[in-house]
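Quick notes on the structure that follows.
The values are calculated or read from the model by the stated rules, or taken from the named source; none is laboratory data. Being a predicted model, the structure only gives us computed values, none of them experimental. FYI the Cβ positions are ideal-geometry reconstructions off the backbone, even for glycines, and counts take in every protein chain you see.
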Amino acid sequence: MENFSIREKKKAQLKMAILDEMLRLLRTKELSEISVEELCQNIQTTKVTFFKYFRYKEQVLDYFVIRWLYERSNEIHSKHFNGKEGILHIFQTISEDTLGKKIMVSLVHYYSKLNEKPTIMEITPYEYYLFNEEAFQNKVKPMELNQIFIYYLSQMESVNEADYYHISCQFLALMYGVPIQTHIMEIEDMYLFYKIGVNSILG
């Protein structure tokens, strides 16, 4: 194991504890019903400490997305999926997560209130180790979502390279749009709509 400092370990472990508690609370509450005070009380930390790591409670969900992206990056490193299969898998992981829709709807609401781009969070090596030990040991490079989409698009001979960025932007719009629409329509199965959207975008 890498020689991580005690300070780095404690910081990462606390951030993960905050994330895990947020996800636990989201199983029975809406994000608007969860307070920073409750989060802190449940894991025996302080609001002062919380705000050292997160600017808002919603940013904890950004942290969740970073962990989720590291899993997807590891799948690319391990060559688990190829082309369209990989793209559909991305949407499937969102749909199959019992909190997937709630997290996506919460993120849309959060982003819509921001007057600036979300703050870029700095992730330490030990945090990546906690996210996925195997991926960390294999020196998996974290990828952004548009990079992941473009990687899978590059494996499809039917897609022109000049269209990669434009198509990846359409996928991003689809990713956030489907949860909102299915939430409004009170439809549980997001994957069907994701699959229809992917097929429509790819032609």
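Just a few scattered comments:
- Selection of first residues in region 10-39 that are within 20 Å of residue 105 (Cβ to Cβ) and surrounded by fewer than 15 Cβ atoms within 10 Å (Cβ to Cβ) and of second residues that are of a type outside the set (A, V, I, L, M) and modelled with pLDDT of 95 or more, restricted to Cβ pairs under 6 Å at least 6 apart or on distinct chains, gives an empty result.
- The set of residues from region 40-49 being free of Cβ contacts under 8 Å to residues at least 24 places away in the same chain and outside any loop (DSSP other than H, G, I, E, B) comprises 40, 41, 42, 47, 48.
- Of all residues in region 171-189, those that are under 16 Å from the mean Cα position of the chain (by Cα) and either surrounded by 15 or more Cβ atoms within 10 Å (Cβ to Cβ) or closer than 11 Å to residue 104 by Cα (or both) total 7.
- Candidate set from region 114-130 (those that are among the hydroxyl-bearing types (Ser, Thr, Tyr) and closer than 13 Å to residue 16 by Cα); member that is surrounded by the fewest Cβ atoms within 10 Å (Cβ to Cβ): 124
- Scoring residue 72 on the criteria (1) exposed (fewer than 15 other Cβ atoms within 10 Å of the Cβ); (2) part of a helix (DSSP H, G or I); (3) in contact (Cβ under 8 Å) with a residue 24 or more places away in the chain leaves a single failure, condition (1).
- Condition check for residue 105: surrounded by fewer than 19 Cβ atoms within 10 Å (Cβ to Cβ) and in contact with a His (Cβ under 7 Å, 6 or more places away or on another chain): yes
- Residue in region 16-38 that is farther than 22 Å from residue 151 by Cβ, in a loop (DSSP other than H, G, I, E, B) and of a type in the set (S, T, N, Q) present: yes
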